[in-house]
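Remarks on the structure that follows.
The numbers here are math on the coordinates, done by the rules we state, and not lab data. Computed from a prediction, not measured in an experiment: that's the story for all the values here. So basically every Cβ, Gly included, is an ideal-geometry build from the backbone, and we count neighbours across all protein chains shown.
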Amino acid sequence: MAVLCISPCWSLLPGQKDEEEVHSDNQAVGNDLSDDDLIQIGDNYVHVADQLEEMVRDAMGYNGHTILEFEKLKKLATDMKTPLYPGCKGKYTKLFASLKLLQLKATHHMTDWGFKALLDLLRDMLLEGNEIPMTTYEAKQNICPLGLEVEKIHACKNDCILFRGYHANDTECPKCQTARYKRRNDGGDEPGIDIDVYLRPLVDDLKILWPEGVQVYDAYKRAPFTLRGLLFTTITDIPGGHSVSGQCKGEKDYPLCLDDTETLWLNNSKKQMYVCHRRFLPDSHAYRQMKRQFDGMRELAKAPRHFSVAYVYSQVNDLPNAHGQKSTTTLGKRKRDKEAVDPKIRWKKKSILWELPY
Ligand SMILES: [Zn+2]
């Protein structure tokens, strides 16, 4: 699982990780470059190299780097000066060779295997001690070692916990005792309302990002600054929204209309429809009086109420958080709301997003 990591590192260019690389778990690896990035910068090497040198110089003058980041910067600066093979006098440094080879791969849509075969051949053809990279990954790491770091985190098979922080070295889940390395052979379900378990690393980062922020380096101004970020919105379909918010499916399950939702169950297609949209029209609107053109009835009802954040919070505040195995053991399967009097029964959990301070 890719996790957003907030750390004061910078990236020369964004991109996707190659499928070729398989890394051990919980190991930080550099992000690398997309084919489009490579094509774009390949012909422009001299300009890019100048910028790169300047950025490396600036960044090395900044004191906020971790030892690992500093080592990466040093490697970048060295690779810019290292000849491709002993005695190579031309423009081909280790860094430039990696860049040109990757550009060739991108332009001609070479597969990783084909590219690796080319690298093997070139390494064999050139003088001993040459700096031809062993793999696509190594070539990309040469030109962009400071990507955003990606951390791989194991999750319990039953979605109870992530093996991180306090549980980083556990070999079994402390909640359901399932072995950490037990693999799913059913392909796995969606986590449903247990999505919160997977949102935990993101929420932990967001809780730092808004009130405190993190120190990052501005390569243009050549100075560190405090970066702040917040979760502005989430975009889901209705079932996905139910997983995130914990709202139950049922007759009152439209996320905005809540208690005032009007639905119609279609027996044959086994689907629920949201109806009575004429409620949103002004009282005097002609459509409200029409019968034949709609469902055979006049519409006299008012528009649904606006339910405030405080109202929803009051419904979920004392509910438990999601805790794995679809959180069914204590929360149970909530009844559809036609049987429910208490609006709280329309929610299965208190979503992890309520932890955010805004
Ligand atoms: Zn578990």
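Taking 0.36 nm per residue of separation and subtracting the Cα-Cα distance, full extension of the segment from Ile208 to Val309 would add 34.1 nm.
Along region 297-306 the Karplus relation, 6.51 cos²θ - 1.76 cosθ + 1.60 evaluated at θ = phi - 60°, assigns HN-Hα couplings of 10, 6, 10, 10, 6, 6, 5, x, 5, 8 Hz to successive residues, with x for each Gly and Pro. Distance between the 7 Å Cα→Cβ label points at His108 and Asp283: 7.6 nm. Stretched out straight at 0.36 nm per residue, the stretch from Tyr274 to Ala301 would grow longer than its current Cα-Cα span by 8.2 nm. Full extension of the segment from Met290 to Leu353, taken as 0.36 nm per residue of separation minus the current Cα-Cα distance, would add 18.4 nm.
Placing dummy labels 7 Å off each Cα toward the beta-carbon, the span from Ala117 to Leu230 is 5.5 nm. Counting only Cβ charges, +1 for Lys and Arg and -1 for Asp and Glu, the dipole size of region 133-243 around its Cα centre is about 320 debye.
Remark on Asp218: its backbone amide H falls under 5 Å from those of Ala223, Phe225, a criterion applied only to residues 5 or more positions apart or on other chains, H modelled at 1.01 Å from N. Between Leu202, His277, Met297, the Cα set farthest toward the positive side of the dipole of region 200-333 (charges on each charged residue's Cβ, about the Cα centre) is that of Met297.
Distance between the modelled labels on Asp124 and Ala179, one decimal in nanometres: 4.2 nm (7 Å Cα→Cβ projection). Across region 163-169, computed HN-Hα scalar couplings (Karplus, 6.51 cos²θ - 1.76 cosθ + 1.60, θ = phi - 60°) run 7, 8, x, 4, 9, 4, 9 Hz from first to last residue, x flagging Gly and Pro.
When the pairs Lys270/Lys348; Lys72/Lys175; Lys105/Lys182; Lys152/Lys270; Lys89/Lys116 are compared against a 30 Å limit on Cα-Cα distance, Lys72/Lys175; Lys105/Lys182; Lys152/Lys270 fall above it.
Taking amide H atoms as placed 1.01 Å from N in the peptide plane, the amide H of Lys349 has no partner under 5 Å among residues 5 or more positions away or on other chains. Positive end of the dipole of region 204-262 (Cβ unit charges, origin at the Cα centre): among Pro239, Val214, Pro224, the Cα lying farthest that way belongs to Pro224.
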